[in-house]
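Participant: Have a look at the structure that comes next, please.
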Amino acid sequence: MKLRWIDTSRGLRVRVFEAGSGAPVVFFHGAGGFLADNPFLDLLARRYRVLAPEWPGFG
């Protein structure tokens, strides 16, 4: 899984995990935060381009 940072139009810096190829799927984590080694993301990445942003304050 690749990690990159994006800057939003409101000046926030957001970490985004990216994996796979194909049609894009955006995965939003719950209140517990995000785990880069989430097995569900690996399954999605076999068929789709998965983009998983980390909500500000949860990283």
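The values are calculated or read from the model by the stated rules, or taken from the named source; none is laboratory data. From a predicted model like this one, the values you see are computed outputs, not experimental measurements. Backbone-built Cβ (ideal geometry, glycine too); neighbour counts: all protein chains shown.
Participant: Condition first: outside any strand (DSSP E or B) and at pLDDT below 90. Now tell me which residues in the stretch 11-22 satisfy that. Steps first, please.
Facilitator: Filtering the stretch 11-22 down to residues outside any strand (DSSP E or B) leaves 11-12, 20-22.
L12, the sole residue that qualifies.
Participant: Identify the residue in the stretch 40-56 that is at pLDDT below 90 and in a loop (DSSP other than H, G, I, E, B) and, among all such residues, is surrounded by the most Cβ atoms within 10 Å (Cβ to Cβ).
Facilitator: Result: E54.
Participant: With surrounded by fewer than 10 Cβ atoms within 10 Å (Cβ to Cβ), outside any strand (DSSP E or B) and at pLDDT below 90 as the only criterion, which of G32, G59 stands out?
Facilitator: Sole residue among the options that is surrounded by fewer than 10 Cβ atoms within 10 Å (Cβ to Cβ), outside any strand (DSSP E or B) and at pLDDT below 90: G32.
Participant: Let me ask something else about it. Could we say that D37 is of a type in the set (D, E), at pLDDT below 90 and either assigned to a loop (DSSP other than H, G, I, E, B) or in contact with a strand residue (DSSP E or B) (Cβ under 6 Å, 6 or more places away or on another chain) (or both) here?
Facilitator: Judged against the criteria, D37 is a match.
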